[in-house]
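Presented below is the structure to which this report refers.
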Amino acid sequence: MTAGKHEMTAGSDVRWVEGETNEAYLWNGTEFTRLRNAGGGQLFAGIFGEDDWSPNDYLTIIGGLRYDHWELFNGFRKASDRATGAVTLDSQFPDRSGDEINARIGARARLKNEVTLRGAFYSGFRVPTLNELYRPFRVGNDVTEANAELRPEHSLGGEAGIDWQATASLRLSGTLFLNYLHDAVGNITIGQGPGTFSPGGFIPAGGVLRPRQNIDLVVAPGLSASASWQLSCTLSLTGSYLFTHPTVERAADPLLEGKLLAQTPQHVFTGGIKWAPNQQWTLSAQIRYNDQQFEDDQNSRVLAPFTTVDAAVIYNFSSHGSAAIRVENLFDQEIETGKSADGLVSIGAPRLVSLELRWQL
């Protein structure tokens, strides 16, 4: 609703999640010898409100508040011998719940018609997923253990940025940010094989055991920049750069302190081009570069950098419908997504071609 120079928004949402995994594991050279069944449920319910206040034509102040209630329930993990059916593990995890209040306050000031300054402070939270809470897994000789006692992550951050309409066709933006992530969920190395550990069981030679644990504090400074250039009425270019440096500031294991967060590239570049010669046809392409990143919490395994290209051709055959061919990873670039201690490399999705049809009444 509108009240003078206030724009107010309020709402609520509810999300219910249930999941279960059923798998065979513990390979003896000829067959899997154990069966595992694990899962649980989650409930999220929240309400929120936001006010955009414009005291004059040049300044807008934004304030928002959100309350969430979350529940974890029916968590379990069961294992049995595949040949005899004998139960080797039967765990029922206690239900848990919590309440969270988070806020955001920001401001946007237009200094001139071409320049806008903006800034914000905000907080947030994330409840661990069912996968993180209940499902262990193994890749090669590396074992990752679930942890039903994981605490929710909490973040506190701020950012400041500038938008500049340099010309009628060129727009530039830049943002500096700093985020503090408390109780970040990570896969933390606690043992190397050969050996037997609890949890985790037997870890073969060359393998590692990494249960999911909360990291006390991760500090992530960074910056982002973007540009859009309308070369003509039919042709446009876009580009962006993202730098992040998420460092473990405090952890139960002092050896983790100062290391970079796993699975997070420090540098990401993207560039795009779009050509719409008429109202019927649109052709677009995007190139993306991801810098190298560490696969593990010890920063000992490096995932190679990669560059991918996506492309699309869209045809609007009427004001209501369109057809498109989209190609992801056009040149079938090999993307490393994981690397185990014994050298097993996990590979991301290969080239994907999809046909899309849309109709709007």
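Computed values, structure above
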{"quantity": "GLU356, sole failed condition from (1) of a type outside the set (S, T, N, Q); (2) surrounded by 15 or more Cβ atoms within 10 Å (Cβ to Cβ); (3) part of a strand (DSSP E or B)", "calculated": "(2)"}
{"quantity": "Filtered residue count, segment 30-71, keeping only those that are over 29 Å from PHE121 (Cα atoms) and open to solvent by 50 Å² or more (accessible area, probe 1.4 Å)", "calculated": "5"}
{"quantity": "Residue list for segment 27-80, restricted to those being more than 28 Å from the chain's Cα centre (by Cα) and farther than 30 Å from LYS112 by Cβ", "calculated": "TRP27, ASN28, GLY29, THR30, GLU31, PHE32, THR33, ARG34, LEU35, LYS78, ALA79, SER80"}
{"quantity": "Test: residue in segment 89-105 that is at pLDDT below 95, of a type in the set (Gly, Ala, Ser) and open to solvent by less than 60 Å² (accessible area, probe 1.4 Å)", "calculated": "yes"}
{"quantity": "Hits in segment 278-307 - residues which are loosely packed, with under 14 Cβ neighbours inside 10 Å, part of a strand (DSSP E or B) and among the hydroxyl-bearing types (Ser, Thr, Tyr)", "calculated": "THR307"}
{"quantity": "Conditions (1) open to solvent by less than 20 Å² (accessible area, probe 1.4 Å); (2) free of Cβ contacts under 8 Å to residues at least 40 places away in the same chain; (3) over 30 Å from PRO204 (Cα atoms): number failed by GLY191", "calculated": "(3)"}
{"quantity": "Residue that is within 23 Å of HIS6 (Cα to Cα), open to solvent by less than 80 Å² (accessible area, probe 1.4 Å) and hydrophobic (A, V, I, L, M, F, W, C), where the choices are ALA86, ALA120, ALA24", "calculated": "ALA120"}
{"quantity": "Segment 244-277, residues that are among the small types (Gly, Ala, Ser) and assigned to a loop (DSSP other than H, G, I, E, B)", "calculated": "ALA251, ALA252, GLY258, ALA262, ALA276"}
{"quantity": "Condition met for ILE347 (at pLDDT 95 or above, of a type in the set (A, V, I, L, M) and either open to solvent by 50 Å² or more (accessible area, probe 1.4 Å) or in contact with an Asp or Glu (Cβ under 8 Å, 6 or more places away or on another chain) (or both))", "calculated": "no"}
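The values are calculated or read from the model by the stated rules, or taken from the named source; none is laboratory data. Computed from a predicted model, the values in this text were never measured in an experiment. Note: ideal-geometry Cβ built from the backbone for every residue, glycine included; neighbour counts use all protein chains shown. Keep in mind that these areas ignore ligands, DNA and RNA; they rest on the heavy atoms of the full protein, side chains included. Shrake-Rupley method; radii C 1.70, N 1.55, O 1.52, S 1.80 Å.
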